[in-house]
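Remarks on the structure that follows.
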Amino acid sequence: MKKALYILSLLVVATSLFSCKEKLDPESIFPEIDESLDPSSYTFQLDSFCKKNFLDVYNVEFRYQMQDISSDMQFNLVPCSYDDAITMAVMAKYLWWDVYTAVTGSPEFLKSYGPRIICLIGSAGHKSTGSVVLGVAQGGIKVTLHAVNYVDPSNVATLNEYYFKTMHHEFSHILHQTKTYPAEFRTISQGLYLPNGWEDRTEQEARSLGFTGNYGSSQEREDFVEIIANYIVKTDDEWASMMSDASKGWKKDDDGTLHQLEDDPDGVDGPAVIEQKLSIARTWLHDEWNIELDSLRKEVQMRQANMNIDSLRNQVLTIESK
């Protein structure tokens, strides 16, 4: 009985508090937060650029100052440098956000389906298996890019391998988690995936089996997004070289030495399988998302060939304090 009366008393008190809401002190006990940028801050230029080009347009928070809560605690990581963060921010806009906006005709597509947070980490994430984590997509909300302190704008192949292939890869995950890819794709390389041990396959061996690389041979969903990402960023020569690898047979000796074989003993027509997977991905993007994969690739290839990093960085460095 006493317990019942106690609960009733609490309800009465709670009701009294809500009924007296208009009598409460209107002054908040929490300080007002000024969201304006500090012109005297060392990071004002980059903060201004990110607010204007990411937050205001795409509702994306561009985090370059590493926070523990935003990083993977299983790795020993370091923050990215401010200068490298500038380089990555302007290139990310030019080679990724602007690409989708140009192809779709509006920023609304990425505003609706793109990640809400981009997180930059200075170092790579090294796993005990020997593999390296270059990017992670988390729940369609956040994309983390690692190894930003190694960014070299003069080396397009490395830029793609470390960052922009990763961004297309992770965004393709977000898209297929929203609208799944066709079941037909799941049957093409069934039985050839290696969730554990894919690192032991060379790129050439994986391509001979109909994958774009060894990581794509780990799981079907990785295979699907790797097909899209590789097709978008690889030049014609790089794609042709990959397909040439896929057309051959390969054998690795016990000491790790790789040999090209005169025939292809795995029984898989690597180039034909890759083209089949690419066709499925192309149709899926068109039918489900109204996006032309070849238009994406054309836009990326044009921008890669014409990128002027100094001009891009000046978008940040010429911002004046108010």
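Data table
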item	result
Whichever residue in region 31-75 is surrounded by 13 or more Cβ atoms within 10 Å (Cβ to Cβ) and of a type in the set (Phe, Trp, Tyr) and, among such residues, is modelled with the lowest pLDDT	Phe75
Some residue of region 305-320 being among the polar types (S, T, N, Q), closer than 18 Å to Ala157 by Cα and without any contact (Cβ under 8 Å) to a residue 24 or more places away in the chain	yes
Which numbered condition Lys142 fails, given (1) surrounded by 22 or more Cβ atoms within 10 Å (Cβ to Cβ); (2) in contact with a Cys (Cβ under 8 Å, 6 or more places away or on another chain)	(1)
Region 44-63 residues that are farther than 19 Å from Val143 by Cβ, paired with ones that are buried (at least 19 other Cβ atoms within 10 Å of the Cβ) and at pLDDT 95 or above (beta carbon under 9 Å, 6 or more apart)	Gln45/Ile86; Gln45/Val316; Ser48/Val316
Residue count for region 168-200, restricted to those that are assigned to a helix (DSSP H, G or I), of a type in the set (Gly, Ala, Ser) and either touching a residue at least 60 places away in the same chain (Cβ under 8 Å) or surrounded by fewer than 17 Cβ atoms within 10 Å (Cβ to Cβ) (or both)	1
Test: residue in region 209-232 that is over 23 Å from the mean Cα position of the chain (by Cα) and either on the phi > 0 side of the Ramachandran plot or surrounded by 17 or more Cβ atoms within 10 Å (Cβ to Cβ) (or both)	yes
Complete set of residues in region 201-234 that are without any contact (Cβ under 8 Å) to a residue 40 or more places away in the chain and of a type in the set (Gly, Ala, Ser)	Ala206, Gly213, Gly216, Ser217, Ser218
Condition check for Gly249: surrounded by 15 or more Cβ atoms within 10 Å (Cβ to Cβ) and over 31 Å from the mean Cα position of the chain (by Cα)	yes
Answer residue from region 274-302, given it is buried (at least 17 other Cβ atoms within 10 Å of the Cβ) and charged (D, E, K, R) and is nearest to the chain's Cα centre (by Cα) among those	Arg297
Residues within region 284-322 that are touching a Lys or Arg at 6+ places or on another chain (Cβ under 6 Å) and charged (D, E, K, R), tallied	1
Restricting region 76-97 to residues that are among the aliphatic types (A, V, I, L, M) and part of a helix (DSSP H, G or I), the residue that is nearest to Cys50 (Cα to Cα)	Ala89
Single residue of region 185-226 satisfying the filter (in contact with a strand residue (DSSP E or B) (Cβ under 8 Å, 6 or more places away or on another chain) and of a type in the set (Ser, Thr, Tyr)) that is modelled with the highest pLDDT	Ser208
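The values are calculated or read from the model by the stated rules, or taken from the named source; none is laboratory data. Predicted model only: the values in this text are computed from it and were never measured. No Cβ is skipped: glycine too gets one built from the backbone with ideal geometry, and neighbour counts run over all protein chains shown.
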